[in-house]
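Peer 1: Quick one: structure below, then a few questions.
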Amino acid sequence: MVSYRASWMNSGPVTPWAGEWVMDAAEGQIHWTSRDHFREKTGPDVVTLQKLDEKPAPVKLDAVEFPDRRGTLNTIAGVIATGKVPVGFSSGEDNLGSLALVQTSILSASRGGDWTEISEVLG
């Protein structure tokens, strides 16, 4: 069963393109955000750890040789040149299941909401 709703727009404050993220855990919280391309000053990515009942502490991040789109393009060029996908990265092939799920949902909607097997799209 699929129910999908999404939007690139929200009524909240403007955030960096990749957003601002907070993850709560049993012993504290981690907050991260990418550099902010919407404001005049573009700073580095930011990661902050906060243990329970303590103040947030910034995490020192290593410099990135090819940030943003340059990093993506550099990685793609490396995969094309070597045929090897770096550890921790995924290929477009990894997203085919998600695309098939969306396409199957569209197919079902075009049929008036009838049950549709994902194998119709993947086959």
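Peer 1: Scanning the stretch 76-123 for residues that are of a type in the set (S, T, N, Q), closer than 30 Å to F66 by Cα and surrounded by 10 or more Cβ atoms within 10 Å (Cβ to Cβ), which turns out modelled with the lowest pLDDT? Step through it out loud before you land on a result.
Peer 2: Looking only at the stretch 76-123, we keep the residues that are of a type in the set (S, T, N, Q), and these are 82, 90-91, 95, 98, 103-105, 108, 110, 116, 119.
Filter again for closer than 30 Å to F66 by Cα, leaving 82, 90-91, 95, 98.
Among the residues that remain, those that are also surrounded by 10 or more Cβ atoms within 10 Å (Cβ to Cβ) are: 91, 95.
Numbers: S91: 73, N95: 86.
Selected residue: S91.
Peer 1: Would you mention how many residues in the stretch 77-123 are assigned to a helix (DSSP H, G or I) and either under 17 Å from the mean Cα position of the chain (by Cα) or not polar (S, T, N, Q) (or both)?
Peer 2: 22
Peer 1: Within the stretch 45-56, can you find the residues that are surrounded by 12 or more Cβ atoms within 10 Å (Cβ to Cβ) and either in a strand (DSSP E or B) or at positive phi (or both)?
Peer 2: The answer is V46, V47, T48, L49, Q50, K51.
The values are calculated or read from the model by the stated rules, or taken from the named source; none is laboratory data. All values derive from a computational prediction rather than experimental measurement. Neighbour counts are summed over all protein chains in view; Cβ atoms, including those assigned to glycine, are modelled from backbone coordinates with ideal geometry.
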